[in-house]
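Right, one structure below, let's go through it.
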Amino acid sequence: MKSPVYFASLEGGTNQESMAAKVQRLFDRAELRACIHERDRTAIKLHFGELGNDSYINPVYVRQVVDKVKGAGALPFVTDTNTLYLGSRSNAVDHITTAILHGFAYAVVGAPVIIADGLCGKNVFRVRIEKKHFENVVIAGDINASDSMIVMSHFKAHEVAGFGGAIKNLGMGCAPPDGKRAQHKARPFSLRDRCIGCGKCVGVCPKSAITLVDEKSTIDTALCIGCFECMTVCPEHAIDINWEIEIAPFVERMVEYAYGAWCGKQGRIGFVNFLTRITPDCDCVPWSDTSIVPDIGILASTDPVAIDAASYDLVNQQPGCTGSRLTAHLRRGEDKFKGLRENTDGYLQVRYAEELGMGSSTYELIRI
Ligand code: SF4
Ligand code: SF4
């Protein structure tokens, strides 16, 4: 059966209604209200963006969802989990400060910020899933404690998963640092013949795992946490991982975590994907690069698989933006994520989530 995915376009000629109004109308048409009961403590799951990044979802649009949740008689809070790497979001104090600096203050979004895994990422809940990679997964305690959830995701490319959308926001995004560590088993290595010794990877590594030896990058795998930030910054593609052996299991682990966050709340989670500022990197990097395709629109659904499948297809139907980091697969219909990183397979997460019963990759796109 096809899952409905509601779509508010941002194409030229369709902009006679504000983005904020479109978010509200999407919420109603996709019947996200049905996920929420009166007096629910409703988590609005977001990514507040690493300090320096500015492609995260505009807090004004988050306010529209908060207002809808309040209108349903529930108690919304905006939330995310602490990061594995040392940055501006690795504990709740830094994380809330970053969120407020990025506009997620009560005065703007109309709801408090609560970091779902607590001050130091130790507020966790173990969920039994009995899947291929994990018997149990650890989910942030206040994600688990919430009664319902609206997952709002900025859809963009990702250096290893191919893209990040609703499934990744559930999987990596609802996991405390211990859960993120369990998913990130892959470790990069440097290709000495390609390395020019620029040191960019050294500067970005949150664990000081990289040193230059004879002006060549060298990674200490005992220190490395597998965050892949070094791969993102290397201008020479001189840092790699074993794609054939490591990437499919990484994506499957991430999807199993998504399943763990989703399975206790079936029918109580709504999803909103923003296909705007579709950057080549995730919002964990402290910058926002030029979009790889033009802005497309906003999607809403109760099916995380369908909304990511539809988002993936809509991006690939666009022409690539010249002047962006996308230099291959620029034509409409070509896979933009493979154009950026040929070894990734973004659709793998869609297929595996469908296999786990989280939804359907067959969808009906309904324009509002
Ligand atoms: S960023 Fe790339 S080229 Fe520069 S030192 Fe690191 S591995 Fe070498
Ligand atoms: S993946 Fe790269 S940046 Fe991240 S910890 Fe390992 S060596 Fe450092």
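Over the Cα atoms of the range 189-240, each weighted equally, I'd like the Debye log10 I(q)/I(0) at q = 0.29, 0.32 Å⁻¹, rounded to two decimals. Values returned for q = 0.29, 0.32 Å⁻¹ are -1.24, -1.52. So what's the angle, to the nearest 10 degrees on a 0 to 90 scale, between helix 243-262 and the longest Cα principal axis of the chain? Orientation of helix 243-262: about 30 degrees from the principal axis. Relative to the longest principal axis of the Cα atoms of the chain, the long axis of helix 19-29 makes an angle of roughly 60 degrees. According to the calculation over all Cα-Cα pairs in the range 1-115, the P(r) per 10 Å bin from zero is 13, 39, 32, 15, 1 %.
Given axes a ≥ b ≥ c from the Cα gyration tensor, I'd like to know whether the range 35-99 is rounded (a/c under 1.5), prolate (a/b larger than b/c) or oblate. Cα axes put the range 35-99 in the prolate bin.
If I build a Gaussian network model for the chain, linking alpha-carbon pairs within less than 10 angstrom, which residue out of 316, 82, 169 has the largest mean-square fluctuation? Of the options given, 316 has the highest mean-square fluctuation.
Would you pull out the residues with amide H under 5 Å of residue 288's amide H, same chain only if 5 or more places away, H placed 1.01 Å from N? Close amide H contacts, sequence-distant or interchain: 54.
GluC sites (Glu not before Pro) within the range 309-354: which are DSSP loop residues with at most 13 other Cβ atoms inside 10 Å?
Details: sites: 334, 342, 354; in loops: 334, 342.
Taking the range 309-354 and a limit of 13 other Cβ atoms within 10 Å, the loop GluC sites (Glu not before Pro) found are 342.
Which value, in debye to the nearest 20, describes the size of the charge dipole of the chain about its Cα centre when Lys and Arg Cβ atoms bear +1, Asp and Glu Cβ atoms bear -1, and nothing else is charged?
Dipole of the chain, to the nearest 20 debye: 560 debye.
Just so you know, the Cα atoms of the chain work out to an Rg and Dmax of 19.4, 63 Å. Averaging Cα coordinates gives a centre for the range 331-365 and one for the range 1-62; these two points are 21 Å apart. Relative to the longest principal axis of the Cα atoms of the chain, the long axis of helix 59-71 makes an angle of roughly 40 degrees.
How would 1, 231 line up from fewest to most surrounding beta-carbon atoms within 10 angstrom?
Values: 1 6, 231 20.
Taking fewest neighbouring Cβ atoms as first place, the list is 1, 231.
Each value in this text was obtained by applying a stated rule to the coordinates, not by laboratory testing. Since this is a predicted model, take the numbers as computed values, not measurements. Cβ atoms come from the backbone with ideal geometry, glycine included; neighbour counts cover every protein chain shown.
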